[in-house]
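This structure is in structure tokens; I'll ask about it shortly.
The values are calculated or read from the model by the stated rules, or taken from the named source; none is laboratory data. Please read all numbers here as calculations on a predicted model, not as lab measurements. Heads up, the Cβs are rebuilt from the backbone with ideal geometry, glycines too, and the neighbour counts pull from every protein chain shown. All accessible areas refer to the heavy atoms of the entire protein, side chains included, with ligands and DNA or RNA removed. Shrake-Rupley method; radii C 1.70, N 1.55, O 1.52, S 1.80 Å.
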Amino acid sequence: MTRFRTYHEVEHDTGSQLLEQVLEQRVRMNDRLAKVRAVVAVASGKGGVGKSAVTANLAATLASRGYRVGVVDADLNGPSIARMLGASGSSLGDTPEGVAPAVGVEGIRVISMELLQEADDTPLRWREPSGHASIWQSSVEVSALREFLADVLWGELDFLLVDVPPGTDKITRLLELVPTLPGMLVVTTPGEGARTVVARSLRLVQDAGIPVIGLVANMAGYLCPDCGTRHELFPGDAPAELSRRFDVPIWAEIPFAPAVGQATERGRPWVLDAPGGEVTDAFDALATRLATQLFPEGEP
Amino acid sequence: MKFLCVPCDDVMAFSERHLPGDGTMAAVFECPGCGREMALLTNPMETQFVSTMGVKVGGREVPLQPMETVRGALDEAREEVFVEPSGSQDPRPGAVVWTEAAVSRLQSVPSFVRGMVKRIYTDYAREHGISTISPEVMDRARTDLGLEGM
């Protein structure tokens, strides 16, 4: 049998320039994000816990305090952030240096697949030459997310929030693109179903060595729209259990109130028009905690 | 990915890329020792797989464009979402003029990728000292740059 050198024994470059191009992509990403003080992921692993609404209201809270905020909607298949931030239907500036993002409420810069698709009922589909889309679909979606981060003219930002879709693999995907992610908010609801999934996510992000991790207990009770009393919504104590088990602080407990969801769904995050009240106070606390942890030197 | 010429024990060097237009790709590699050539042939799925990584075998003829992968791969994209900022002028010297026929042909390109395609043709003209872009120049650029469907 012929003995020939293996891949690692061959040092000579083939001239295919594949590695060079991958490195160029990384340089492009690093250059773009160099003007962003902190990229913060809002993730959970679990679906339906309100990550996007938390992202939108947190972005609005931070922007209303004078921080420069951008939001990447990493949920390519179920985008909602552009709508929640009042940026639906916006055009995107096309320049050789990059794509100018849409601008939503409070000047928040936004990129979302929703802005790029034909209609609000258009499913995410990629042009496939010969079927077998499942083989390369993940690759194209990673590229799309990379382009959202690296090819958008974010300018100088204090916070670039990334709304991460359900699935721990989506957290891994983001970490591969931004391995030095400085902060992550992990959203959970009180119930047992969320606890087990969110535990996996917390283990993942702790193993990744993300320096700042905060837990957000969303839908922590139900606020009666008539009397304002808080009732139990999901039985369970997942946030406290997760906090103890992973030694991660709970940064906010946000009650569920139908009006919050309705306002945010209409493109006007609740916190902008409802000063005071349990929900707005919770987002205020969350914004303060996040800013304090990431920018200990103070307000913008 | 490397190709080794077993008799010479030399790494074969990338030589050229062909895109015949049917979604397939041929990349030719040559042994620097014996000169033997071989072609890597990829089917449309394999070609797409490489493309989705935002890289091109053998390197790029044109610079990486903003949101190139999304624009090239997204189906049912929204028309007219990308707009040239008003009052934006290409700051580089050497103005390039588009003939009416070239403009008309450019209009037939979906708006989702039109700005990107326009930049590629403009850069090509500038780099080749061409002051007027006509359909013929577009054809030549397409061939030279290996641009499919532009």
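If we keep just the residues of the stretch A:151-176 that are within 14 Å of chain B (Cβ to nearest Cβ) and farther than 23 Å from B:F82 by Cβ, which is most open to solvent (accessible area, probe 1.4 Å)?
Applying the filter and picking the extreme gives A:E176.
Can you pull out the residues in the stretch A:94-112 that are hydrophobic (A, V, I, L, M, F, W, C), more than 8 Å from chain B (Cβ to nearest Cβ) and within 13 Å of B:V70 (Cβ to Cβ)?
Answer for the stretch A:94-112, where residues must be hydrophobic (A, V, I, L, M, F, W, C), more than 8 Å from chain B (Cβ to nearest Cβ) and within 13 Å of B:V70 (Cβ to Cβ): just A:I111.
Take residues that are within 12 Å of the chain's Cα centre (by Cα) and tell me which of the helices (runs of 4 or more DSSP H) falling wholly in the stretch A:7-85 contain 1 or more.
A:51-64, A:81-84
Among the residues of the stretch B:85-101, is any more than 9 Å from chain A (Cβ to nearest Cβ), part of a strand (DSSP E or B) and crowded, with 16+ Cβ neighbours inside 10 Å?
Yes; the residues of the stretch B:85-101 include at least one that is more than 9 Å from chain A (Cβ to nearest Cβ), part of a strand (DSSP E or B) and crowded, with 16+ Cβ neighbours inside 10 Å.
Quick one: B:P20 ticks every box in (1) surrounded by fewer than 16 Cβ atoms within 10 Å (Cβ to Cβ); (2) farther than 24 Å from B:Y121 by Cα; (3) more than 9 Å from chain A (Cβ to nearest Cβ) bar one, so which box is it?
(2)
Restricting to the stretch A:188-219, name every residue that is in a loop (DSSP other than H, G, I, E, B) and open to solvent by 20 Å² or more (accessible area, probe 1.4 Å).
A:A208, A:G209, A:P211, listed by residue number.
How many residues, within the stretch A:277-300, are over 22 Å from the mean Cα position of the chain (by Cα) and open to solvent by less than 40 Å² (accessible area, probe 1.4 Å)?
Residues that pass the stated criteria total 1.
Could you look through the stretch A:113-150, keep only residues that are at the interface with another protein chain (Cβ under 7 Å from one of its Cβ atoms) and aliphatic (A, V, I, L, M), and pick out the one that is nearest to B:T52 (Cα to Cα)?
Selected residue: A:V140.
Within the stretch A:83-118, track down each residue that is open to solvent by 10 Å² or more (accessible area, probe 1.4 Å), within 19 Å of A:D273 (Cα to Cα) and either touching a Leu at 6+ places or on another chain (Cβ under 6 Å) or among the hydroxyl-bearing types (S, T, Y) (or both).
A:G104, A:V105
Restricting the search to the stretch A:220-267, which residues are touching a Ser or Thr at 6+ places or on another chain (Cβ under 7 Å), within 26 Å of A:V39 (Cβ to Cβ) and open to solvent by 20 Å² or more (accessible area, probe 1.4 Å)?
Hits for the stretch A:220-267 are A:P249, A:I250.
Turning to a different aspect of this structure: Mind listing whichever residues of the stretch B:63-79 are at the interface with chain A (Cβ under 7 Å from one of its Cβ atoms), closer than 16 Å to A:D120 by Cα and in a loop (DSSP other than H, G, I, E, B)?
Correct list: B:D75, B:E76, B:R78.
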